[in-house]
Every structure is written in structure tokens, then in C-alpha cells.
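Peer 1: Please see the structure below; I have some questions.
Where a number appears in this text, it was derived from the coordinates with a stated rule and is not lab data. Predicted model, so just to flag it, every value in this text is computed and none were measured. Quick reminder, even Gly has a Cβ in these numbers, built from the backbone with ideal geometry, and neighbours come from all protein chains shown.
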Amino acid sequence: MAMLDGRTAVVTGGAQGIGLAIARTLIDNGARVVIGDIDQAAVDKAVVELGGADAARGATCDVRRAADIEALLDLAQSDGAALDVMVNNAGITRDATMRRMSEDEFDAVIEVNLKGVWLGTRAAAARMREAGRGSIVNISSLSGKVGMAGQTNYSAAKAGVVGLTKAAAKELAHLGVRVNAVQPGLIRTPMTEAMPQKAWDQKMSEIPMGRPGEPHEVAGVVAFLACDWSSYLTGTVHEVTGGRFM
Ligand code: NAD
């Protein structure tokens, strides 16, 4: 029997990159998965890639909108299933030094990466507390631990995700709902492939393991946090970084 057999999971930003790998790993371990993403064409493509309607379903969802998140969770529970796992993964970057960063760029990143995670955590928690069980996994970033130049917006949002995760974990622990966070380092995805070569090389030089991470290596940690192998973990933060800034 697989660890997530019979479990229902939702992954935001699940149409590509780390979110898609998380969806795949959860499915490979027995879960039924619903992905939500702002990009509808990418959702349709991802659902096919994930094996179609038996394993995965998807819907357009903008994590900045509470109503979109509720609709996504309704879809996951449309067959009467409990919501077992919520992965708040959707994220964006708008990198610039503070001298150049506009207020719009600051707000955009906070809205998706921090408020979006809060909306997802709040909505999932409301349903999980009814069932008396559930696991919420929030995707932070190593930027939220150390702060990265050119990412005052992103580092603030990702550090905020850690505080949010710990506060929510304390509110929900006695209800059987666990909340944990993952901090990926440099992972090879469309987000990082857009990075200038110089920035990529600088980051690579900081990684003791001497290579970038692959999306499935983040997904494995998320699957661990989603399932009962981590049943006594809540409010924890897991660095998936190849040892960078340990
Ligand atoms: P990505 O850009 O490849 O994928 C992000 C997905 O989120 C896309 O499918 C995008 O359409 C979706 N999305 C964007 N805005 C959205 C919104 N408002 N509502 C719903 N979906 C939205 O990025 P990725 O590298 O796979 O990153 C996934 C998560 O991991 C993000 O939270 C990111 O900050 C975090 N992260 C990534 C890295 C890395 O090296 N790739 C490192 C640390 C943290």
C-alpha cells in the first residue's frame, strides 16, 4: 500500500516546475491530486501529463483570490472526499535592487507569495479541522532564510511564509492539522532558467553538493510532509539546498 493511498491533495501553481513535480510524486504515492494554476492552458497540458482524470484534475486558480481557492478545494472535495493535503506552492519573482524596484513589484510578490499562502492555509485549515486531520505544506525559499540582494520583496514574502507556517501550526496542532514549510535552494525550473547566466554561476558556486536541485527532489520532501511518516512534525522548516547556506 502506498503512503498516500486514498488521500486527496491540492497543489497550487501545479502546472509546471516544482508544483508539477509535487503533483506527480503525490500521485505516484497513491494520492488523487487537484492542481490549480493561473495559466489555464498549462493546467490542461499538465493534467494530461499527469495521467488524466483518474489521477489528476485541474482548474484555473489565482491564489490572490479567496474565491478561486475555495472553488479549487470544492473541486477536490466534489466526490465527498476529505481534504488531506494542501500544498501552497504558487510563486513569482520580480527581482530588482531596492533602488530600482517599484512599489508594484514589491506588492505583486507579497500578494502572490505571502498573501496567497495565507489564503490557501486559511481555506484548507477550515476544512481540515472539520475532519480532524490534514497536512498543509508551504513552499518558502532559502531567500527567506538568508535574504538575497535584488530580492527584498521575495525574501520578505518567503520569510513571512515561515512565520505564517509556525503561527498556523500552533493554532491548528490540537485539531490534528499539521503545517510545515520547505525552503528550496537553486532548483532547475522555468523560474530559474530565466535567470542571467552570471547569477546562475554565482549561486552554483555557493552549493556544497556542486549541482542544482531537481524539482522531484523538492517533491520528495513535500510527499514526506504530506504523509503519516511525518506524523509528529509540525511548524518545521526543511531546507532542500544541497547544503547551500546551511
Ligand atoms: P515556476 O515559475 O516554474 O512555476 C510557478 C507556477 O505558479 C507557474 O505554473 C505559474 O503559472 C503559477 N502561478 C504564478 N502566479 C500564480 C497565481 N497568482 N495563482 C496561481 N498560480 C500562479 O516556479 P517554480 O520554480 O516551480 O517555483 C515554485 C515555488 O517554489 C515558488 O513558490 C517559488 O518561489 C519556490 N522556489 C523555487 C525555487 C527555484 O529555484 N526554482 C527556489 C526556492 C523557492
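Peer 1: Give, as a single signed number, the net charge of other residues whose beta carbon lies under 12 Å from the beta carbon of ALA82, with Lys and Arg counted +1 and Asp and Glu -1.
Peer 2: Around ALA82, the charge tally is +2.
Peer 1: Let me know the whole percent of all Cα-Cα pairs from segment 8-237 that are separated by more than 21 Å.
Peer 2: Taking all Cα-Cα pairs of segment 8-237, the fraction more than 21 Å apart is 53 percent.
Peer 1: Stretched out fully, how many nm does the piece from SER78 to TRP200 gain, at 0.36 nm a residue minus the Cα gap? Intermediate results must be reported in sequence, preceding the final value.
Peer 2: Working: separation 122, 0.36 × 122 = 43.92 nm, distance 4.28 nm.
Roughly 39.6 nm would be gained on extension.
Peer 1: Continuing with the same structure: Order of 23-34, 55-66 by packing, highest average Cβ count within 10 Å first?
Peer 2: With the highest mean Cβ count within 10 Å placed first, the list reads 23-34, 55-66.
Peer 1: Excluding VAL161 itself, calculate the net charge of residues whose Cβ lies under 12 Å from the Cβ of VAL161, where each Lys or Arg counts +1 and each Asp or Glu counts -1.
Peer 2: +4
Peer 1: For ASP5 and SER231 in one chain, what is 0.36 nm times their gap in residues minus the Cα-Cα distance, to one decimal in nm?
Peer 2: Separation in residues times 0.36 nm, less the Cα-Cα distance, equals 79.8 nm.
Peer 1: What does the charge add up to near GLY6, with Lys and Arg as +1, Asp and Glu as -1, over the other residues with Cβ less than 9 Å from its Cβ?
Peer 2: For residues surrounding GLY6, the net value is 0.
Peer 1: Quick one: P(r) of segment 97-179 from all Cα-Cα pairs, 10 Å bins, percents rounded to integers, in order of increasing distance.
Peer 2: All Cα pairs, binned at 10 Å, distribute as 19, 42, 25, 11, 2 percent.
Peer 1: Taking 30 Å as R0, compute the FRET efficiency from the Cβ-Cβ separation of ALA55 and GLU130 and round it to 0.05.
Peer 2: That gives a FRET efficiency of 0.75.
Peer 1: Run through all the Cα pairs of segment 1-87 and give the fraction in each 5 Å bin from 0, expressed as whole percent.
Peer 2: That works out to 3, 17, 30, 27, 16, 5, 1, 0, in percent per bin.
Peer 1: Can I ask one more? What FRET efficiency would be calculated for the residue pair ARG122, GLU193, taking the C-beta separation as r and a Förster radius of 35 Å, to the nearest 0.05?
Peer 2: With a Förster radius of 35 Å, E is 0.60.
Peer 1: Packing-wise, with mean Cβ within 10 Å as the measure, how do 85-93, 97-105, 128-136 rank, highest first?
Peer 2: 85-93, 128-136, 97-105
Peer 1: From the helices alone, meaning DSSP H stretches of at least four residues, give me the mean residue ellipticity at 222 nm for the chain, per-run term -39500 (n - 2.57), in deg cm²/dmol to the nearest 500. Present the calculation step by step, with values, prior to reporting the outcome.
Peer 2: Numbers: 10 runs with 107 residues, N = 246.
Rounded to the nearest 500, it is -13000 deg cm²/dmol.
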